[in-house]
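Report on the structure given below.
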Amino acid sequence: MGSTRVGVDLARASDVRESIAAFGDRYLRRVYTEHELAACTGAGQVAERGLAARFAAKEALLKALHVADAAIDWRDVEVRRTAGGWPELALHGGARRLAEDVGLLDASVSMTHDDDVAMAVVVAVCDPGVRRPDEPR
C-alpha cells in the first residue's frame with residue numbers, strides 16, 4: 001500500500017484575467033497546453049474560471065508531491081478529461097520525472113469554481129519507500 005498525500009490550491013479567475021490582459025498569448029502558452037486552452041473556450045468568465053481551476057490543479061499536484069518549490073514547465077502538468085468527463089492529470093517531461101523521483105503511483109484531481117475563486121484538490125499515492133533527500137524518515 002502506498003503513502004497518501006493531499007494537495008489543495010485556490011486560484012482567482014480575476015488573476016487569470018489580469019495575466020491575460022498584461023501578457024496575452026505569452027502567458028497562455030507558458031502556463032497551459034493546447035488541450036487545456038481548447039477545453040476552456042468560452043467567453044470571459046467561463047474561460048477564466050476553467051483556466052484558474054487548471055492552474056490550481058497544477059499547484060495542488062506539486063503540494064501533494066511535497067515539491068512545492070520545484071521548478072517545472074507548467075505545461076508538463078496537464079489537466080485532461082476522461083471519456084466520462086472527469087478531470088485527470090497527464091504528466092509530461094520534467095513533471096513526469098519529478099513524479100517518478102518521489103515514487104508517484106497514482107493521482108486523482110477534483111476541481112471546482114464559484115464566482116471568482118477556483119479550487120483544486122489532488123490526492124496522490126506514492127511509494128512509501130521513496131523519499132526526497134530533504135524529507136525526514
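Descriptive notes on the structure:
- Most mobile listed residue (Arg81, Arg26, Arg12) in the chain, GNM with C-alpha springs under 10 Å: Arg26
- Hypothetical label at Glu34: residues of region 73-90 whose amide nitrogen lies under 18 Å (7 Å Cα-Cβ projection): 74-81, 90
- Each Cα pair under 8 Å and six or more residues apart adds its separation to the average, and for region 3-126 the resulting relative contact order is 37 percent.
- Phi-based couplings in Hz for region 99-108 (Karplus 6.51, -1.76, 1.60; Gly and Pro marked x): 4, 5, 4, 9, x, 4, 9, 6, 8, 10
- Charge dipole magnitude, Cβ of K and R +1, D and E -1 - the chain, Cα centre, debye nearest 20: 160 debye
- Correct choice for percent of Cα pairs over 18 Å apart that was computed from the model, options (1) 68; (2) 53; (3) 62: (2)
- Our coupling estimate for region 87-98, obtained by passing each phi through the Karplus curve with A = 6.51, B = -1.76, C = 1.60 and θ = phi - 60°, is x, 9, 9, 10, 9, 10, x, x, 5, 5, 4, 4 Hz, Gly and Pro reported as x.
- Label-to-label distance, nm, for residues given as Val8 and Val123 (7 Å Cα→Cβ offset): 1.4 nm
- Between 0 and 90°, nearest 10: helix 13-23 axis offset from the chain longest Cα axis: 70 degrees
- Between helix 45-64 and the chain there is an angle of about 10 degrees, using the helix long axis and the longest principal axis of the Cα atoms.
- Packing-based exposure ordering (other Cβ within 10 Å, fewest first) of His35, His66, His113: His35, His66, His113
No lab work stands behind these numbers, since they all come straight from the coordinates. Just so you know, these numbers come straight off a predicted model, no measurement behind them. In this analysis, Cβ positions are derived from the backbone assuming ideal geometry, glycine residues included, and neighbour counts consider all displayed protein chains.
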